[in-house]
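What follows is a set of notes on a single structure, which appears directly below.
The values are calculated or read from the model by the stated rules, or taken from the named source; none is laboratory data. All figures in this text were calculated on a predicted structure; none of them were measured in a lab. Every residue, glycine among them, receives a Cβ derived from its backbone with ideal geometry; neighbour counts consider all protein chains shown.
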Amino acid sequence: MAEAADFQGTSPSPARRWLRRTGALLAGAPLLAGILTLPTSMPSYASESSIAAEATGSRTVGISLTSLSPSVPSDGDTLTVSGRIVNNGKQAITAAHVGLRVGPTLNGRSAIDDAAKSNPYAGTEIGGKYVAEFAKLAPGISQPFSISVPVDKLDLGSDGVYQLGVTLTGRTSAAPYDQILGIQRTFLPWQPEAADTKSRTTYLWPLISTSHMTAETGSNEQQTPIFADDDALAAEISPGGRLERLLSLGKDLDITWVIDPDLLASVDAMTRSYRVQVNGSSRTTTAGTHQAVAGKWLSELEKAVEDEEVVALPFADPDLASLAHNGTAVTGSLSHLKDATTVAATTVESILHVIPSTDYAWPVNGAIDPSIVKVATSAGADTVLTRSDSLQESGALPYTPSAARPIGGGTTAVVADARLSTAFQGDMTVAGNSTLAVQRFLAQSLMLTQQAPDRQRSIVVAPQRMPTAGQAQTMAAALTALQDGNWSQSAELSAATKAEPDAGATTRVPAASAYPSSLRKQELPRAAFEQIQRTQKELDSFQVVLSNQSRVVTPFGRAMDRSMSTSWRGRAVEASAYRTGVERYLVGLTESVGLIEKSEAKLSGRSATIPITVQNNLVQGVDHLVLRLTSKQPSRLSIGDGVFEEQQVSVSGGHSQSVKFTTNAHANGRAAVVAQLYTQDGRAYGPAMTFDVKVTEITATVMLVIAGGVLLLVLAGFRMYTQRKREAVRRAAEGVGGPADGVPADGEAENAAATGSGDSPENGDGSEDGDGSESDTAAAQNSAAAKSGDGTVSGAPAEGGRVQAAPSEPGARAPEHPGDAPDTAPEITDPSGTGERVDR
């Protein structure tokens, strides 16, 4: 009774069933329209080998079924079978007609498989007026047919799956008698009354696409996203596109939505301003124009999933098998799966406003081995979606068990039925393929229920990850017929997961050797995960210096999730190009912060400062950087007080900053210096910059040479003084220029020295210019020197040979004219100031 109570509310009401039937008919209209426009050629179901061989016997005429309605007939219904026929033989066929034949019921699911391949035909034609007649069929000409038969004329007995044959009977000139010249087989599920015990069917409805967004974003505040392309995604969500059909069909079905959050994030980004790369180049982009179609699709999806069960895959649908087989050997790879799982829930909730389940992991085609299960559950999922062709039954049970199986370690395997899950692969745009797939799906579902009619079981169907529009159309037609049938009820995935497992069901996970080699060949190689991890390490070093890390961490984190996507299977070249593009873009960003190259520096003093410039071409500022300057020859040139010195660096976006380091020279010559940026945890950031510093310090030898030169100047000045004094004495003795004793009076000499009157030799060679005499000038100088206190001459000759007297005591009078200051300053032995800049 408890289990029966669980069913209440899951069975659709009569009104809802009527709506679903109507929706299915409307949904099938485009497919039927496409069928009517099919070219008159050989039906696609015929194999190439049969076409190549001579068409004889029952292969003479090809028959394609374009529709069979209703797919699950009941009492009182009329079965209508429509299709096309084409004469593949070389002779015309006359007196032909198409008829229906009902064979015996099939016993077991394997019998359906056998009948679908090449089961010998059996059954009696329903003759009379329930045939389509053709007077003549010319070779190569395709013609339509349609036959309607009341169900009570089909002579159906007990419930079960019946073979339904569509045959063409006719004559040829070579065989002028009635014979079967063409056969097409399908299945007719028959259960007019509701079963006492019903199975519950969970159908997963995947919304998954390939990766479209890059790691790049605009430099504006909104970080405008940049797409590698947008036409492909826009085509998928536009009317008639793959994702649009999945959404339009799925909203009228009882399904469990399985969504890749990357798809939601991409479409959501398209609803606003975004850019698209031109010819795959990030340097040239153009404005995206598909905002309207993106907004419409996302709005309709939000309405469709309201109050429905939604399962969120890890972001970008990571390839779990590739990660398990090739990625776990690369340190840090599993962390990406954890991040992808964490961001999945927030992405779906923020965009669709529903809380999804993140408890499920879905390996490719449901194929598992112990390593895949271990990886799948490492990020928090406790349920693995597998398939019955991977977790094969031992044969102990005579029926298909419920989907849920405990496989140890607190992990549940939900085993999807392989026959039902693979029913819609192939080209479903061909009406003949679609019709056969629907009938086979329904036949397998009914046969599964009849295996153990007294047991209530939960059946899960997990179709291909990215169904085409034609496959989605066929899936919807089959699921609508199943949900309107009398043997199965709809159930959510969570209900199937919690269902009581069958005691005899297989719970042993297959060994790694059982993993399909065809799937292993499509996996991402180890080199892919090594490249992803290399990019992650680069990101780790880069983000610590940023003032706003989220602007870089978020887009690059999602890009690395996309690099591990399952959608890259079968597209190895495109996958490699995507990973390389992400890595190169990140390297370009890191190189936007670095040291400006410096040429050789010249140090002309004992100490000076060396400026090092850090440039930041990013939009945001960089902090937490340390600049270290190291001397490779500390005995010649030291930095600060030792071999190296470090300083904190902070540079605003779009600016550069010069950092000054104090240096001290100890010897002449070249000294190599290394500048290197580091993060605060001590990791080198960017390449080191090495340059030379040429030291030209003033040494003691140079000082002695300068002192010797000064001494020579003093001696030369003294010699000139004595020569002039002698000349003045001589002239005085001859009575030329003064008192009898030949020496000027004190007052006159002082006046002459102060006013500069009298004769003054301009060339310093003793020649006379003007009225005064050389002896007068010499006498005045002698008098000024005598008044200095010690009778000596201080300083060196001035311009033109003039000697200036300097005060010898603190109280002495300073020279009154600027020219009186000494020409040669005393030697400066103090170190140069720290503000001194070196020449570059």
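Numbers at a glance
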item: The listed residue being within 42 Å of the chain's Cα centre (by Cα) and not in a strand (DSSP E or B), out of ARG584, ARG628; result: ARG584
item: Test result for SER281, polar (S, T, N, Q), buried (at least 21 other Cβ atoms within 10 Å of the Cβ) and at pLDDT below 95; result: no
item: Condition broken by GLU393, with the remaining ones in (1) among the acidic types (Asp, Glu); (2) more than 29 Å from ARG562 (Cβ to Cβ); (3) outside any loop (DSSP other than H, G, I, E, B) satisfied; result: (3)
item: Residue ID - nearest to the chain's Cα centre (by Cα), chosen from residues in the range 78-100 that are free of Cβ contacts under 8 Å to residues at least 60 places away in the same chain and part of a strand (DSSP E or B); result: VAL86
item: Answer residue from the range 167-198, given it is of a type in the set (A, V, I, L, M) and surrounded by 16 or more Cβ atoms within 10 Å (Cβ to Cβ) and is modelled with the lowest pLDDT among those; result: ALA195
item: Any hit, the range 39-59, residues being at pLDDT 50 or above, closer than 16 Å to THR186 by Cα and buried (at least 20 other Cβ atoms within 10 Å of the Cβ); result: no
item: When residues of the range 475-525 are limited to those that are buried (at least 17 other Cβ atoms within 10 Å of the Cβ) and among the β-branched types (Val, Ile, Thr), the one farthest from VAL414 (Cα to Cα); result: THR480
item: Which listed residue is at pLDDT 95 or above, crowded, with 23+ Cβ neighbours inside 10 Å and not aliphatic (A, V, I, L, M), from ASP268, ASP260; result: ASP260
item: Check on MET475, modelled with pLDDT of 95 or more, over 23 Å from GLY160 (Cβ atoms) and assigned to a helix (DSSP H, G or I); result: yes
item: Hey, SER388 touching a residue at least 12 places away in the same chain (Cβ under 8 Å), among the hydroxyl-bearing types (Ser, Thr, Tyr) and not assigned by TED's automatic domain parsing to the domain that holds GLN531 or not; result: yes
item: The listed residue being over 19 Å from the mean Cα position of the chain (by Cα) and polar (S, T, N, Q), out of SER238, SER266; result: SER238
item: Residue that is surrounded by 21 or more Cβ atoms within 10 Å (Cβ to Cβ), closer than 26 Å to MET564 by Cβ and β-branched (Val, Ile, Thr), where the choices are VAL311, VAL330, VAL354; result: VAL311
item: Any hit, the range 405-419, residues being touching an Asp or Glu at 6+ places or on another chain (Cβ under 6 Å), more than 30 Å from ASP268 (Cα to Cα) and in a helix (DSSP H, G or I); result: yes
item: Total residues in the range 630-656, condition under 15 Å from ASN616 (Cα atoms) and in contact with a Ser or Thr (Cβ under 7 Å, 6 or more places away or on another chain); result: 1
item: Scope the range 606-652; condition of a type outside the set (Val, Ile, Thr), over 19 Å from GLN543 (Cβ atoms), free of Cβ contacts under 8 Å to residues at least 40 places away in the same chain and surrounded by fewer than 20 Cβ atoms within 10 Å (Cβ to Cβ); matching residues; result: GLN633, PRO634, SER635, GLY640, ASP641, GLY642, PHE644, GLU645, GLU646, GLN647
item: Near pairs, Cβ below 9 angstrom, 6+ apart or cross-chain, from the range 532-558 (over 16 Å from GLY581 (Cα atoms)) to any residue that is of a type in the set (Lys, Arg) and outside any helix (DSSP H, G or I); result: ASP540/ARG683; SER541/ARG683; VAL544/ARG683
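Residue-by-condition table, conditions (1) at positive phi; (2) of a type in the set (Ser, Thr, Tyr):
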site	(1), (2)
LEU298	no, no
ALA316	yes, no
HIS325	no, no
PRO363	no, no
GLY366	yes, no
SER371	no, yes
